[in-house]
Amino acid sequence: MKTKIEEVLPAQIEKRSFEIITQELEELGIALHGSQAPVIKRCIHTSADFDYAKNLVFSEGAVKKALRALREGASIVTDTQMAYSGINKKRLAEYGGEVYCFMADEDVAERAKLENTTRAAASMEKACSLDRKLIFAIGNAPTALIRLYELIQEGRIEPKLVIGVPVGFVNVVQSKEMVLTLKHVPYIVAQGRKGGSNIAACICNALIYQL
């Protein structure tokens, strides 16, 4: 049987992809509405994994609060260069925001060695020195998410949003469950083991594209 190739112009590929995603969600009996829908659909678009329609958890008003912060110039802190590279910095800059990743900084490496911790955890400490509104996008290191949670509990930082989507096996689920207990900090969390730097970046972009 000959495979039928769908004729789609390059400029229309993303649009067509989202049409397919919407159609298949409907076939699964999943109806997405409101400001959460673009976030969920972009995660599916990035990963081709429809589990994100079920495992993404949003605190009340998380997207609305994040959009307000971004419009007011909030910046984004990531735990990997991959996530940093994937976020639309030009679009974010239109609102006065920047993207930061401190993982390769020498002082972060030195602090991690001195405190016998990971660079990811130490990079969260460094982020506390930024005097601006912050959104954290954690897609790789549960140690970063755990340290961020501790810093929040210590009153040293109050993020405008925590995107908790580290991927893997060791302390991944536990770190996400810690974030889900936050009462006064908005969050978007991918429950379970799934996630990744690409998912962290695409959630940021899904928010930025709604501005």
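The values are calculated or read from the model by the stated rules, or taken from the named source; none is laboratory data. Fair warning: this is a prediction, and the values are worked out from it, not measured in the lab. All Cβ positions, even for glycine, are placed from backbone atoms using ideal geometry, and neighbour counts span all protein chains on display. All accessible areas refer to the heavy atoms of the entire protein, side chains included, with ligands and DNA or RNA removed. Shrake-Rupley method; radii C 1.70, N 1.55, O 1.52, S 1.80 Å.
For the residues Thr143, Thr118, Thr78, a GNM of the chain with alpha-carbon springs under 10 Å puts the largest fluctuation on Thr118. Looking at the chain, the accessible area is 53 square angstrom per residue; that uses a 1.4 Å probe and ignores ligands, DNA and RNA. With all protein chains in place and ligands, DNA and RNA left out, the 1.4 Å accessible area ranks Met124, Met82, Met178 as Met82, Met178, Met124, largest first. Between Lys89, Lys65, Lys54, the GNM of the chain built on Cα springs shorter than 10 angstrom shows Lys54 fluctuating the most.
Exposed loop sites, defined as GluC sites (Glu not before Pro) outside DSSP H, G, I, E and B with at most 15 other Cβ atoms within 10 Å, are absent from the longest region of the chain, namely 155-211.
How big is D, in µm² s⁻¹, for the chain by Stokes-Einstein at 10 °C and 1.306 mPa s if Rh is the Kirkwood radius over C-alpha pairs? Working shown, then result.
On the way: Rh = 17.6 Å.
It comes out at roughly 90 µm²/s.
If you run the Gaussian network model on the chain, springs between alpha carbon atoms under 10 Å, then out of Gly97, Gly164, Gly155 the most flexible one is Gly155.
The Cα center of region 130-164 and the Cα center of region 84-123 differ in position by 12 Å. Accessible area per residue was computed with a 1.4 Å probe on protein heavy atoms; Leu28 scores about 110 Å². DSSP beta bridges fully contained in the chain are about 20 percent antiparallel. With helices as the sole contributors, the chain gives -14000 deg cm²/dmol at 222 nm; each DSSP H run of n ≥ 4 counts as -39500 (n - 2.57), and the sum is divided by every residue.
Only Lys, Arg, Asp and Glu count, each charged at its Cβ (+1, +1, -1, -1), so figure out the dipole size of the chain about its Cα centre, rounded to 20 debye. Don't skip to the answer; put the middle values down first.
Working: 27 positive and 25 negative charges, 58 e Å.
Taking the Cα centre of the chain as origin, the dipole is about 280 debye.
Projecting label points 7 angstrom from Cα along Cα→Cβ for Phe169 and Arg193 puts them 0.7 nm apart. Seen against the Cα atoms of the chain and their longest principal axis, helix 13-27 is set at about 80 degrees. What a 1.4 Å probe finds exposed on the chain is 50% carbon and sulfur by accessible area, rounded to a whole percent.
Segment Glu27..Arg68, full-extension length gain: 11.4 nm, with 0.36 nm per residue of separation and the alpha-carbon distance subtracted.
When Arg193, Arg68, Arg42 are compared by accessible surface with a 1.4 Å probe, the order from highest to lowest is Arg193, Arg68, Arg42.
Relative contact order of region 71-211: what whole-number percent is it, with Cα pairs under 8 angstrom and at least 6 residues apart?
Details: 269 pairs, mean separation 36.1, N = 141.
The normalised contact order for region 71-211 reaches 26 percent.
Ligands, DNA and RNA aside, Thr80 has an accessible area near 20 Å² when probed at 1.4 Å. Of His184, His45, the order by accessible heavy-atom surface (1.4 Å probe, DNA, RNA and ligands excluded), from most exposed downward, is His184, His45.
Provide the convex hull volume over Cα atoms per residue for region 9-91, in Å³. Write out the running numbers ahead of the final one.
Numbers: hull volume 11.1 nm³, N = 83.
Normalising the Cα hull of region 9-91 by residue number yields 134 Å³.
Only one residue of Met82, Val165, Ala62 has its Cα farthest out toward the positive end of the dipole of the chain, where Lys and Arg carry +1 and Asp and Glu -1 on Cβ, and that residue is Ala62.
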